[in-house]
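Scroll down for the structure; my scribbles are underneath it.
The values are calculated or read from the model by the stated rules, or taken from the named source; none is laboratory data. None of these values were measured; they are calculated from a predicted model. Note that we place each Cβ from the backbone using ideal geometry, even for glycine, and neighbour counts take in every protein chain shown. SASA here: full protein model, heavy atoms, side chains in, ligands and nucleic acids out. Shrake-Rupley method; radii C 1.70, N 1.55, O 1.52, S 1.80 Å.
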Amino acid sequence: MNREWAITRLKKFLSIAWLKYVPNTRGLAHYRLGNTKDMVQGEAQIAEQILDRVLPDWRTADWEQPSNQPLWRHREAANRAIALLEAEQELLDNLGTGAPELDASTMHPWVWGSIQGLWSSGHFREAVGAAARAINAQAQTKLGRRDASEAKLLSDAFSTNVPTPGHPRLRLGTDDGGDTFRNVHDGAGNLARGLFSAIRNPLAHENEIELEENEALEYLAAFSILARWVDKATVETSV
């Protein structure tokens, strides 16, 4: 929405829909529109479209109704909408957008616990790399393997093939022969390959390129998912 335009049109509506005080000898004074009905209706039609966007419930809001004032609700809503639009940036700065915020401290401990110092000092690229290394180290320890790492290690670990000597598997559920078991483990393996191949490896070779904070946070969230899966999985070994 063009905020400045909306404010201008609402103010124009208020100026056209002004009320004229009409005294009455019987003490029953009232108000009437100061301009012709056609002029007011034309501007009110535009104002209504703006009000529907800015104050969706303006037609039914429980506002105190003044007596003997035509189009009182339109004027009440226009004044409220103007105030809201004029303070929009101030409200955004102080109240935020209302969108959910991602708190890095709620991520898996393998991720946040390994990067706090780096993150607080603004080393976002190195923080993502540290989180990836922490997950790899935890996975190697859990699986008892040092012959493979990162994408290769976890791709093999989440394989739906039966475990063989030297190749234990990570299991996120019981193999019942169904598609869900296969899909979950194929997906976990694919995620691991994607994270280490498309994020971890490029960052390790781009030492001079710092990440923006929001981008780094998104990467960490993805690694946190992988960390939770590795952490909660059980290890299945060959008999």
- Mind checking which pairs have a first residue in the range 39-62 that is farther than 15 Å from R75 by Cβ and open to solvent by 10 Å² or more (accessible area, probe 1.4 Å) and a second that is of a type outside the set (F, W, Y) and part of a loop (DSSP other than H, G, I, E, B), Cβ under 8 Å, 6 or more apart or different chains? R53/M1
- Message: Among the residues in the range 76-88, are any assigned to a loop (DSSP other than H, G, I, E, B), at pLDDT 90 or above and surrounded by 13 or more Cβ atoms within 10 Å (Cβ to Cβ)?
- Response: no
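Does R73 fit the bill of being closer than 20 Å to K12 by Cβ, charged (D, E, K, R) and at pLDDT 85 or above? Reasoning before the result, please.
On the way: closer than 20 Å to K12 by Cβ: yes; charged (D, E, K, R): yes; at pLDDT 85 or above: yes.
Spelling it out, R73 is indeed closer than 20 Å to K12 by Cβ, charged (D, E, K, R) and at pLDDT 85 or above.
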- Checked pairs for the range 220-236, first more than 20 Å from W119 (Cα to Cα), second assigned to a helix (DSSP H, G or I) and basic (K, R), C-beta under 9 Å and 6 or more apart or across chains, list as V230/K142; D231/K142; A233/K142; V235/K142
- All positions within the range 151-184 that are within 29 Å of the chain's Cα centre (by Cα) and either in contact (Cβ under 8 Å) with a residue 60 or more places away in the chain or closer than 27 Å to S114 by Cβ (or both): A151, L172, V184
- Failed condition for D147, given (1) surrounded by fewer than 18 Cβ atoms within 10 Å (Cβ to Cβ); (2) under 32 Å from the mean Cα position of the chain (by Cα); (3) of a type in the set (D, E, K, R): (2)
- Just for helices (runs of 4 or more DSSP H) wholly inside the range 131-239: which have at least 2 residues that are aromatic (F, W, Y)? 213-232
